[in-house]
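Working notes, beginning with the structure itself.
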There are 2 protein chains.
Amino acid sequence: MSDTDATGDGAVPTDQAIDTKVDAAETAALDLANVDNEDRQAALHAIADAIDDNREAIQDANAADVEAAEEMLEAGEYTQALVDRLKLSEAKLDSIVEMVRSVAGQDDPLGETLVARELDEDLELYKLAVPIGVVGTVFESRPDALVQIAALALKSGNSVMLKGGSEASESNRVLFELIREATADHDAIPEGWAQLVEARADVTAMLEMDDRIDLLMPRGSSEFVEYIQDNTSIPVLGHTEGICHVFVDREADLDMATEVAFDAKVQYPAVCNAVETLLVHEAVAEEYLPQIAKRYAAADVEVRGDERTREIVDVAAASEADWSTEYGDLIVSVKVVDSLDDAIGHITTYGSKHTESIISEDADRAGRFMRSLDSASVFHNASTRFSDGYRFGLGAEVGISTGKIHARGPVGLEGLTTYKYHLEGDGHLVATYAGDDPRPFTHEEFDGEWVPGKLSR
Amino acid sequence: MSDTDATGDGAVPTDQAIDTKVDAAETAALDLANVDNEDRQAALHAIADAIDDNREAIQDANAADVEAAEEMLEAGEYTQALVDRLKLSEAKLDSIVEMVRSVAGQDDPLGETLVARELDEDLELYKLAVPIGVVGTVFESRPDALVQIAALALKSGNSVMLKGGSEASESNRVLFELIREATADHDAIPEGWAQLVEARADVTAMLEMDDRIDLLMPRGSSEFVEYIQDNTSIPVLGHTEGICHVFVDREADLDMATEVAFDAKVQYPAVCNAVETLLVHEAVAEEYLPQIAKRYAAADVEVRGDERTREIVDVAAASEADWSTEYGDLIVSVKVVDSLDDAIGHITTYGSKHTESIISEDADRAGRFMRSLDSASVFHNASTRFSDGYRFGLGAEVGISTGKIHARGPVGLEGLTTYKYHLEGDGHLVATYAGDDPRPFTHEEFDGEWVPGKLSR
């Protein structure tokens, strides 16, 4: 069957297996690109049903993972947070089933005519939204990530290589089998569109497959995403750090500034769009700092201030490292700045280009702040926590991207699509449009859909 | 001034220099993002004027490059083609000046409101087109590439790191100085937006700067572009191979098929969108092959056929390697296929996902061909040579991308842009939309432009 003995290298059988899997995913992707939205929807509901109907099997497998993880926890190898993320409670399963149905119900990201342009009489160009092809994903602990990414990939017509953490291997295997079987019953869905990857060596192999895997979506810590980015030429959609800022301008409504700074830190401190550093204009520092410090203290937020902050309120001292730290916790650093430009300068130096908000009643100053910063999201009088695919109205969230190319900030299903040009002609030759007496192009956009062999105009 | 002696490594001074240059480019990019189209246009016309007014200086420098290159040619180190590409004739200078003015006149790719969406009352989200930031480019021999890329970068508000080939160093230096001086006279254009990079070690350093350079645009041979892709984590916009196909279907108008196959090969054989392999359905092979073979013979096109082709026409034999060779010359490989699916299978196996065309009077078969292929451009009854930014009506062509992410196929100025989210609120908190009694979002798109501090609805 296989020539695993071809070399003495132990990696060979694994490499072969991953090769076969990527082959199957590539082949499936070509077919999946042409599956109707109705069929993709039906298949997604079948996945939701399969998970809903097999809770016991899933939870048995999950219990085995959790048990093993708890042993590692006792041995000091794993954290409690990891064990918590691993657990598939009834409520978690409810939300997984609900999520798959919600992805099924999203608008179809495929087939849309992005541009229709007449190049010349009877020569029509259509730019169409199509799937990217083969998406690779590598994620840590949470087994719900497997289902979510598979659902997003299927909805957007992409094949997917799923590599989960070894700590969730039993859960992942059961969930993957349910997904595979549920879609295998749908003739319209090509076999092989989803592939489970289990060996760590396979990840290394996948990172090298820049001619076969079109996009990587790592999920995990900043360090983990950075590791992936640094070790592949495949485009990566993911987010590393979220060092978000709120700037309380000299023209701020200070009550509003207190509410926003509180919401941005306290509403959910563990996430990437929570504020880490509060910048306060010196003109309002004396009035504002006691107000926000009191509010933070009541919620047990640890405040670390620069010298000027500490002249006004009694808080711990911030070190240089604080300005570039993503706490992910109830800790906030505070700095008094001389001017709007100082605030912009601080954010440019220490920020991670994720989300920044200015609190100001002065529109011009807000405009300058928003235009001058090279962050994916810049807000005026709103909490940084709004930086999220659901709140932005993007439908299903594929992820948040800290890259600037292809997809930026919160990413919806269109982040899993690209485009393709279809040209309908009638024997048109380029020679007609070149040489001494070239025929001119008309280049006129129009409303129309691509229909094979039919000209729209 | 500099601590070049910090280590014994000779690369240090160079590294520092490139570091300083990237610093300046990054700083300039933040300002350049907010320069009006009128100012960018005026600066581009100033560049065109400067080149037009300093032809002698340019040609003197170019003569030195050409002379040195001709010595290398005699020594067998350079090819005649390289020397030809190097030369800046009067006509070439005319076309450079014309090109810069044409880029100036393009529609502004920046500032467009891509989406305006009300999230809730008085909470409005705007997705705006913005420059990418710092673009790095590495190109071979042609000094006109320096001007073209600088012009495209300036028009789209990006800073640019320009690294040309050493064979064009004198020409590049003069052209760069003219560009720098011409834009330095415009107060609106930030100094430092364009940087000339000369040392080869600087390229290596640039490839590592994935946190500071946002996009790379290599120009040169497939091998050269592949080398760049394989040695950086920075996204690359460029094209490697163009192995394009024309498929003459059993339902083809054979006269049309002859004209298109001829145009696709002969009109300009050296370019990436020229056809390399002609696939012919067996049902029409006997009638079609003698017809196209005669036509190709008259234009001195060398035909290399598979066995079945050679049973019908007297041509050279194609080897396996021919199917994946980009000739870039008056050579074409020809294969007889059993079916439409065979044609699709051949292209999927050997193609480079660039451009493919089907000649057929049957709309369903054309549709299947176009849908099933994962190529950037798929044509029906038209020459592959139409795959080009100018012909597609994209305005200035930034390049052709064989990647699938961000920009695909012929790329216009929008390939040098990304987007940014601006959110205008009135003290909105995420806590309002969470918890037990969450307020719902409205999520309604509307027509409106972002104006700082002003709500559109």
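The values are calculated or read from the model by the stated rules, or taken from the named source; none is laboratory data. Since the structure is predicted, the reported quantities are computational estimates derived from the model, not experimental observations. Note that each Cβ is placed from the backbone with ideal geometry, even for glycine, and that neighbours are counted across all protein chains shown.
All told, B:Gly427 falls short of being of a type outside the set (A, V, I, L, M, F, W, C), facing another protein chain (nearest Cβ under 10 Å), on the phi > 0 side of the Ramachandran plot and crowded, with 23+ Cβ neighbours inside 10 Å. Does A:Arg368 fit the bill of being without any contact (Cβ under 8 Å) to a residue 24 or more places away in the chain and facing chain B (nearest Cβ under 9 Å)? Spelling it out, it is not the case that A:Arg368 is without any contact (Cβ under 8 Å) to a residue 24 or more places away in the chain and facing chain B (nearest Cβ under 9 Å). Selection of segment A:363-383 for residues being closer than 13 Å to A:Phe247 by Cα and either not small (Gly, Ala, Ser) or not in a helix (DSSP H, G or I) (or both) yields A:Arg365, A:Arg368, A:Phe369, A:Met370, A:Leu373, A:Val378, A:Phe379, A:His380, A:Asn381, A:Ala382, A:Ser383. Among the conditions (1) more than 11 Å from chain A (Cβ to nearest Cβ); (2) more than 14 Å from B:Val280 (Cβ to Cβ); (3) polar (S, T, N, Q); (4) touching an Asp or Glu at 6+ places or on another chain (Cβ under 8 Å), B:Ser333 misses just one, which is (2). Selection of segment B:340-358 for residues being among the hydroxyl-bearing types (Ser, Thr, Tyr) and in a helix (DSSP H, G or I) yields B:Thr348, B:Thr349, B:Tyr350. The residues of segment B:187-201 that are within 20 Å of B:Asn34 (Cβ to Cβ) and either of a type in the set (Gly, Ala, Ser) or not assigned by TED's automatic domain parsing to the domain that holds B:Asp36 (or both), listed by number, are B:Ala188, B:Gly192, B:Ala194. The residue that is farthest from the other protein chains (Cβ to nearest Cβ), among those in segment B:216-226 that are out of contact with any Ser or Thr (no Cβ under 6 Å at 6 or more places or on another chain) and modelled with pLDDT of 90 or more, is B:Pro218. As a summary of the residue check, A:Leu416 satisfies the conditions (1) buried (at least 20 other Cβ atoms within 10 Å of the Cβ); (2) facing another protein chain (nearest Cβ under 8 Å) except for the one numbered (2).
Could you check, for segment B:67-76, whether at least one of its residues is among the aliphatic types (A, V, I, L, M) and under 23 Å from the mean Cα position of the chain (by Cα)?
no
Might you let me know whether segment B:388-401 holds any residue that is at the interface with chain A (Cβ under 7 Å from one of its Cβ atoms) and either in a helix (DSSP H, G or I) or over 24 Å from B:Lys155 (Cα atoms) (or both)? No, segment B:388-401 contains no residue that is at the interface with chain A (Cβ under 7 Å from one of its Cβ atoms) and either in a helix (DSSP H, G or I) or over 24 Å from B:Lys155 (Cα atoms) (or both).
Checking each residue in segment A:269-289 for being touching a helix residue (DSSP H, G or I) at 6+ places or on another chain (Cβ under 7 Å) and either farther than 24 Å from A:Gly345 by Cα or not in a helix (DSSP H, G or I) (or both) picks out A:Asn273, A:Ala274, A:Val275, A:Thr277, A:Leu278, A:Leu279, A:Val280.
Candidates are the residues of segment B:160-182 that are of a type in the set (S, T, N, Q) and surrounded by fewer than 24 Cβ atoms within 10 Å (Cβ to Cβ); the one that is nearest to B:Leu207 (Cα to Cα) is B:Ser166.
Among the residues of segment A:311-339, those that are part of a strand (DSSP E or B), of a type in the set (A, V, I, L, M, F, W, C) and closer than 15 Å to A:His245 by Cβ comprise A:Ile331, A:Val332, A:Val334, A:Val336, A:Val337.
The set of residues in segment B:224-248 that are among the hydroxyl-bearing types (Ser, Thr, Tyr) and either touching a helix residue (DSSP H, G or I) at 6+ places or on another chain (Cβ under 9 Å) or over 19 Å from A:Asp214 (Cα atoms) (or both) comprises B:Thr232, B:Ser233, B:Thr240. Checking A:Glu282, A:Glu276 one by one, the residue that is among the charged types (D, E, K, R), crowded, with 24+ Cβ neighbours inside 10 Å and farther than 26 Å from A:Leu86 by Cβ is A:Glu276 and no other. In segment B:181-198, the count of residues that are among the charged types (D, E, K, R), assigned to a helix (DSSP H, G or I), in contact with a Ser or Thr (Cβ under 7 Å, 6 or more places away or on another chain) and farther than 23 Å from B:Leu44 by Cβ is zero.
Total residues in segment B:1-33 satisfying the condition of being assigned to a loop (DSSP other than H, G, I, E, B) and at pLDDT 95 or above: the figure is 1. Inside segment B:158-177, residues that are in contact with a Ser or Thr (Cβ under 7 Å, 6 or more places away or on another chain) and either on the phi > 0 side of the Ramachandran plot or in a helix (DSSP H, G or I) (or both) make up a count of 2. Scanning segment A:112-160 for residues that are within 14 Å of chain B (Cβ to nearest Cβ) and either among the small types (Gly, Ala, Ser) or under 30 Å from A:Gln80 (Cα atoms) (or both) yields a total of 7. In segment B:375-383, is there at least one residue being surrounded by 24 or more Cβ atoms within 10 Å (Cβ to Cβ), more than 8 Å from every other protein chain (Cβ to nearest Cβ), under 22 Å from B:Tyr327 (Cα atoms) and in contact (Cβ under 8 Å) with a residue 24 or more places away in the chain? So far as segment B:375-383 goes, no, none of its residues is surrounded by 24 or more Cβ atoms within 10 Å (Cβ to Cβ), more than 8 Å from every other protein chain (Cβ to nearest Cβ), under 22 Å from B:Tyr327 (Cα atoms) and in contact (Cβ under 8 Å) with a residue 24 or more places away in the chain. When we screen B:Glu356, B:Glu361 for residues that are within 12 Å of another protein chain (Cβ to nearest Cβ), surrounded by 24 or more Cβ atoms within 10 Å (Cβ to Cβ) and at pLDDT 95 or above, the only hit is B:Glu356.
The lone criterion from (1) β-branched (Val, Ile, Thr); (2) under 17 Å from B:Leu416 (Cα atoms); (3) at pLDDT 95 or above left unmet by B:Ile149 is number (3).
Taken as a whole, the condition of being surrounded by fewer than 22 Cβ atoms within 10 Å (Cβ to Cβ) and of a type outside the set (Phe, Trp, Tyr) applies to A:Asp185.
Looking at segment A:256-268, which of its residues are among the aliphatic types (A, V, I, L, M) and either more than 9 Å from chain B (Cβ to nearest Cβ) or part of a loop (DSSP other than H, G, I, E, B) (or both)?
The answer is A:Ala261, and nothing else.
Number of residues in segment B:241-256 that are more than 15 Å from B:Ser377 (Cα to Cα) and either modelled with pLDDT under 90 or not hydrophobic (A, V, I, L, M, F, W, C) (or both): the value is 5. Pairing each residue of segment A:169-186 that is outside the structural domain of A:Ala50 (by TED's automatic domain parsing) with any residue that is modelled with pLDDT of 95 or more, provided the two are 6+ apart or on different chains, yields no C-beta distance under 6 Å. Which residue is surrounded by the most Cβ atoms within 10 Å (Cβ to Cβ), if the candidates are limited to segment B:46-66 and must be touching a residue at least 60 places away in the same chain (Cβ under 8 Å) and closer than 20 Å to B:Thr183 by Cα? Of everything passing the filter in segment B:46-66, B:Ile47 is surrounded by the most Cβ atoms within 10 Å (Cβ to Cβ). Under the condition of being assigned to a strand (DSSP E or B) and among the charged types (D, E, K, R), the residues counted in segment B:208-229 number 1.
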